[in-house]
Amino acid sequence: MIKNYFKTALRSLMRHKFFSAINVLGLTIGMSVCMAVIMLVADQLNYDRHNSKRHNIYRVTTHAVDQHGVINNNQPNAASPLPLRQELLDNYTGSAQVVRIMKGFGNGWLEFENQNVNIPLAGFFADAEVLTFFEYKLQYGDAATALKEPYSVVLTRAAANKLFKEENPLGQTITVGDLGTYTVTGVLEKTENKSHIVFEALASMATVNSLPSKDQLTDWTNYWNGYTYILVGEGQSSESVQANLDKIYEQHIGSITDPNVYRMRFALQPLMGITPGPLTNNSIGPILPWFFIYFLGGLGLVILLTSCFNFTNLSIARSLTRAREIGIRKVTGAARWQVFTQFLSESIIIALLALTLGFVLLLLLKPVILQLNFARIFHWDLESNTLVLAAFVLFAVVVGVLAGFFPAVVLSGFQPVKVLKNFGNMKLFSRMGLRKTLLVAQFTLSLFFILSAIVLYNQFNLFLGQSHGFNMAQNISVKLNNTSAQRLKNELAKHPNLTHITAASHVPSAGVSYGTTLKRNLSDTEGLQLDYFLVDEDYLNNMDITLVAGRFFEAGADSINKEYIVINEQAVSKYNFGSAQDAIGQQLIQEEDSLRRTIIGVVSGYNHRDLTREISPMALLYDPTQFNVVQVSYLGSYEQAVAAIEKSWAAINPDLKIDYKTVDSEVKKFYEIIFGDIVSVLTVIASLAILISCLGLLGMATYTLETRIKEISIRKVLGSSNGSLIVLLSKGFVGLLLIAVVIAVPLAYVANKFWLELIAYHTSFDASVILIGVLILILFAIITIGSQTLRATFVNPVENLKE
């Protein structure tokens, strides 16, 4: 019986090739988008699954608390104090193993643009047990001992290939800036396993004892540079470990009476809940928040629903042509459930065919998807496996059932006596207005996405074109990569076309931020949160920032400069200093270390953060040990400036590749990463939505022409003009489009106005946006309808009235 259903379904699909093609194409587009989302979720769910102990491993996160020790309602911080490991192992039970990973060895995980410049390597310091804890397999070396000795390093296979010609580099050495020379003691096997910890090198934690950062190993209030992982012991529970962490907090942090010390509580996060997972600050690697998956899934669902609307609409519209078939089946003994199953089978076949074509389309588009910034940052590969393919098939069957259920119910309910007498059931459908409702819904969604894409595109262009208040043009940022800033500055100063040269912690408005809390008085219950930059004495000249009052840092006065602070006008206002001049000589106290700094200058406010925010209080501090970039403004051509910079770099780092970018590109890169992909995705979604809607409109227009062909022929015989026939056939569809416009414009306005108001510098949702969006919709609709209504002008009345 089932075989017969499928044979009949295939014959029906072949008999109505045009409408079948529209249904298949619409579902193909919708399902390809949804399959991409399924593959993305499957990709993220593969993280850390290779670890056999994964269900018993937890990361210790930290949460800010108020003065009473109650956790604030904010995002968790992925890092934790480094002395936590030894405390757990020495004084508490329940933890079979505890390992730490520490920042400070090479670059961060976000280096994705050009792998050839990641020297020093992107990596961390790690305890000797990390390799066995996370079950890393070594191609060369012993995982149990590779990280035991100081100044030992384990490389990934890719990193080893970049650094050495030899297949086996064990015993070779690498020099990592001021961090010393390290011996290669291990090379990881190349693997397809995914981990939320992304690195190119792991250096031994034992090395830190001989580095300036060794104080972090015993600092209970440093919540930023260390990551702690716990393997819960046999017969123990995460609840007992959490109780231990609470006791440690009370003993080492909660007992601190100094109100100026920043305090955070500990919490356990399952390894399998890191990615996808909650949004987390200070992540050790790329994590994908659930809300991002929900967002993409929602977009895919909208496209799929639009495709399903097409299927339902066209199936009901074609009901008259299949009414006699249904009547004959019922007269010859077919039960309603058999007719229902027949039509549902057709729907499932179409969905499975669309699945096949959608998968092919996805494979063709995969290289384009993987070039998106988000895909590169989060290391997507969109690989399929047996489970993913099984999920695709199940998904297709579900879509087939959902899309075909209502038409199957309607068509299987036809009464044979009425349909065989040609008693028009289609009148019932006309009164129901279901087809019109679905068309309006399709075009409402299409126009909503078109308008949203236009607004987002305008906002993106505003970000790229808006002045940030500092020198972005003819300014090049060079990453120090543990090179001495002063040495590089001295070399650069030898070139007359390189004018103002400065060192800093990071480039403003480029997505990186340092924050601290400063108080006017120790007795203040709360301080003011400020962003801060670590800069040298040439910063204002390089960035073209105005000094409003006081003075700036002095050259050659490192020790005294560390006692000073320069703030912006917004900080002056927040601290109620009165005027910029009144702020000079005042002191601010840093909460983390109670260090007092004297205000020596006030600068004008500029957008040191991205343009989604208002200009906020900001401070400039001096600390040469924290410089990460050197910024160089120049005269003449960019090519000449780059040649001079490369020559200077080679003079002090002949074996180290230089990593430089223009300040302008650094700033714009942030907007391109955050907004560029969203603009692209939303534009594609809007295009697909209108394409699917036009396919549905094409099918309905074609069907209308076919069912009214005799009426049109009679009208032509009676003298109707071609223009009047076009108006006759088009006015119903135009009316539906206008209804869609009336619904979509207010919805798009409210939705886009909401998120625009969250952005400090935003574009507007004005009449030009509405006009452009509506014109795009109407243009495509007219082309679609016109292709069929023009056919009416070529109808031969004689041929059609013969029948």
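What follows is calculated from the coordinates using simple rules that are stated; it is not laboratory data. Being a predicted model, the structure only gives us computed values, none of them experimental. FYI the Cβ positions are ideal-geometry reconstructions off the backbone, even for glycines, and counts take in every protein chain you see.
Things to note:
- The gain in end-to-end length when the Glu167 to Glu149 segment is fully stretched comes to 4.2 nm, 0.36 nm per residue minus the alpha carbon separation.
- Here the stretch 482-658 is assigned +1 on the Cβ of each Lys and Arg and -1 on the Cβ of each Asp and Glu. Its dipole about the Cα centre then comes out at about 140 debye.
- Maximal additional length on extending the Gln75-Ser637 stretch stands at 197.8 nm, based on 0.36 nm per residue less the C-alpha distance.
- For the stretch 576-703: rounded, prolate or oblate by the Cα gyration tensor [a/c cutoff 1.5]: oblate
- Farthest positive-ward along the chain dipole, Cα basis, beta-carbon charges - from Ile714, Val572, Asn373: Ile714
- Working from Cα pairs under 8 Å separated by at least six residues, relative contact order for the stretch 482-658 is 34 percent.
- Packing-based exposure ordering (other Cβ within 10 Å, fewest first) of Arg100, Arg157: Arg157, Arg100
- Least to most buried among Lys53, Lys494 (fewest other Cβ within 10 Å first): Lys494, Lys53
- Cα-centred dipole magnitude for the stretch 54-273, charges only on beta-carbon of K, R (+1) and D, E (-1), debye, nearest 20: 260
- Per-residue ellipticity at 222 nm computed for the chain from its helices equals -15500 deg cm²/dmol, with DSSP H segments shorter than 4 residues left out and the rest contributing -39,500 (n - 2.57).
- Rounded to 0.05, the FRET efficiency of the Arg54 and Ile739 pair, given R0 = 56 Å and the Cβ-Cβ distance, is 0.60.
- With the charge dipole of the stretch 54-273 set up from +1 on Lys and Arg Cβ and -1 on Asp and Glu Cβ about the Cα centre, the Cα lying farthest toward the positive end among the listed residues Ser255, Asn244, Ser152 is that of Ser152.
- Computed E for Ala650/Ser505 - FRET, C-beta separation, R0 25 angstrom, nearest 0.05: 0.50
- Over 28 Å (Cα to Cα) - which of Lys194/Lys661; Lys366/Lys669; Lys214/Lys479; Lys710/Lys731; Lys148/Lys661; Lys7/Lys731 fall in this group: Lys194/Lys661; Lys148/Lys661; Lys7/Lys731
- Counting only DSSP beta bridges whose two residues both lie in the stretch 482-658, roughly 70 percent are antiparallel.
- Dipole axis of the stretch 482-658 (+1 Lys, Arg; -1 Asp, Glu on Cβ), positive-most option in Gly601, Ile589, Ala651: Ala651
- Each label was represented as a point 7 Å from its Cα along the Cα-to-Cβ direction; for Leu595 and Ala334 these points are 8.3 nm apart.
- Bridging of Lys574 to aspartates and glutamates at a Cα separation below 19 Å is possible for Asp524, Glu526, Asp531, Asp582, Glu591, Glu614, once same-chain residues fewer than 8 apart are set aside.
- Summing Cβ point charges (Lys, Arg +1; Asp, Glu -1) relative to the Cα centre of the chain gives a dipole of roughly 5720 debye.
- Kyte-Doolittle mean at least 0.5 and Cα axial length at least 18 Å: DSSP H helices in the chain: 17-45, 290-317, 336-369, 386-412, 434-465, 677-707, 722-756, 767-793
- Neighbour-count ranking [beta-carbon atoms within 10 angstrom, fewest first] of Asp127, Asp664: Asp664, Asp127
- Computed lengthening from Ala493 to Asp544, 0.36 nm per intervening residue step minus Cα-Cα distance: 16.5 nm
- Antiparallel %, DSSP beta bridges [both residues in the chain], to 5: 75
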